[in-house]
Amino acid sequence: MSVAGRIERLRLDTRRAIAKNMRVLQDQRRAAIRDGDVGEVARLQELIRALRRQRNDLSFRALRELEDSVDLRLIIDDLQKATKALHDEADNIKTVAEALEKGAEAIDLAVEIVAKLRSFAPLPV
Amino acid sequence: MVPFRSAKVLSTLSLALGALVLGLAACSPYVYREEIASFGSGVDTSVAAFTAMTPAYAAWATEQRDGELLAFARNGDKPLTEGCDDLELRYEEAFEAAGAPAGDLLTPEDYAACRVTPVPVNDPDKGLPNLEGLGQALKDYAAALFVLTDAEDEAALEQAFGQLNASATSLLATVNEELAARSEPPLESAGALVYQAGLTYLRQRRFDALKQAVNANDAVVATAADLLAEAALYIYSPTLGEKKDALETAENRSAEVTAETYVAVWSDLNTARDAYVAALRASPIYAFFKIETTHRALRDSVNDPANRAQLEALYGNTLALKKAAEAALKAVRKEDGSSS
């Protein structure tokens with residue numbers, strides 16, 4: 001879903017058309033530089049800048065579409081669920097540690113009982 | 001009868017626990033502790049690099065909005081308000097009914113209804129909350145992975161087993177005293193083994209959770225990183241455009257170059273070329289790509305923890321992620337002139 005969405009957002013056809021036009025203008029600009037035609041260089045540079053602005057505009061529009069996309073919201077949900085599961089498991093592990101602590105207290109009691117039993121009768125073989 | 005049975009139980013327990021300790025010792029989440037910490041740090045830095053670029057979006061959205069406003073002006077549309085006239089009355093009525101309330105007297109919808117018209121489509125104040133939310137979700141996930149490997153719980157367990165160990169030793173001493181009186185061989189200490197087995201059990205549990213999480217979420221992390229990389233591609237585009245423009249501007253000076261200015265023009269052109277190439281190299285999309293590959297390396301490694309080559313691959317990936325994320329952040333901060 002992401003690749004298809006990305007291709008759609010990128011508007012590759014429009015980008016390629018802009019890039020192609022820019023390439024033509026760049027070649028003309030370099031030719032004007034070689035000829036020393038400063039006025040023509042400046043004119044062509046402005047045209048190139050205008051195309052670059054269009055490309056930037058396209059990028060920000062794509063960003064806006066991505067921001068509003070369902071893909072993005074679904075992934076945020078998935079990540080939040082995964083994060084919650086990890087925290088829950090970490091809490092469970094902590095609960096196990098606490099349960100073992102209770103086990104230690106039970107053994108303390110057992111030791112006391114054994115000590116008391118010893119005072120009443122010798123331990124059997 | 002109880003102590004004798006306890007002795008037998010302890011002896012059997014010792015063997016069982018010993019087997020458990022040996023059997024599970026290889027699967028420790030602590031092996032991945034540093035790598036996961038580095039992964040989290042790489043994710044944080046990458047998201048910070050992305051966040052540092054959002055002013056470029058705000059500037060564009062402002063420009064768009066201003067353009068729309070200019071069109072409204074040309075169209076003769078006057079800036080007016082709507083839905084604001086009843087607001088104060090509603091506020092007083094709500095106070096009359098509720099007195100000093102715990103919450104707001106008006107609802108968010110009430111406030112939203114009071115607006116300035118005409119309303120442009122672009123709103124720079126809206127920001128990019130979903131993309132920022134995605135970055136935060138990815139950071140939270142990496143932090144939660146680290147929580148699993150954090151030693152804090154182990155410290156609590158160590159304390160618990162410290163008590164257990166003391167108690168078991170005391171019980172063992174009582175039994176051994178009696179066994180010695182009857183010329184029977186004493187039992188070996190079981191306490192340390194009990195502690196090790198407990199730790200191993202928890203490590204195994206954490207390891208299992210880690211393994212399950214990275215297996216289940218690998219595709220999610222990959223898509224999240226991919227979407228953030230896509231956002232970074234768009235938002236970084238004007239920065240690259242500026243560098244290219246600077247390169248062209250430097251090149252345009254060649255139209256009037258003379259023998260006297262040749263060295264300076266040539267040198268400036270090289271400097272501009274290097275800056276353009278450096279900007280391309282420091283693109284934040286690489287850091288997001290490395291989030292994906294690092295998580296994948298972690299997944300491969302936890303599925304075969306004894307594989308040294310995979311551990312090394314994971315280590316290499318986390319280092320690469322850290323480097324790429326830091327480079328991206330540095331480049332972005334250099335662009336906007338901030339140093340922190």
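We did not get these values from a lab; they are worked out from the coordinates using the rules stated. Worth saying up front: this structure is predicted, and the values here are computed from it rather than measured. Note that we place each Cβ from the backbone using ideal geometry, even for glycine, and neighbour counts take in every protein chain shown.
Inter-chain Cβ neighbour count for B:226-232, averaged per residue, equals 5 (cutoff 10 Å, partner chain atoms only). Inter-chain Cβ neighbour count for B:237-244, averaged per residue, equals 4 (cutoff 10 Å, partner chain atoms only).
Exceeding 20 Å between C-alpha atoms, which entries from my cross-link table qualify? They are A:K81/B:K211; B:K139/B:K323; B:K244/B:K322; B:K243/B:K323. Cα-Cα > 20 Å for B:K244/B:K322; B:K243/B:K323; rest within.
Ranked from largest, the principal axis spans of the Cα set of region A:19-91 equal 74, 22, 16 Å. So what's the gap between the Cα centers of region A:22-76 and region B:37-113, to the nearest angstrom? Here the answer is 31 Å between Cα centres. Looking only at region B:209-246, which residues have a backbone nitrogen under 14 Å from a spot 7 Å from the Cα of B:A278 in the C-beta direction? It comes to B:243-244, nothing else.
Given R0 = 60 Å, the distance between the Cβ atoms of B:A100 and B:S183 translates into a calculated FRET efficiency of 0.10.
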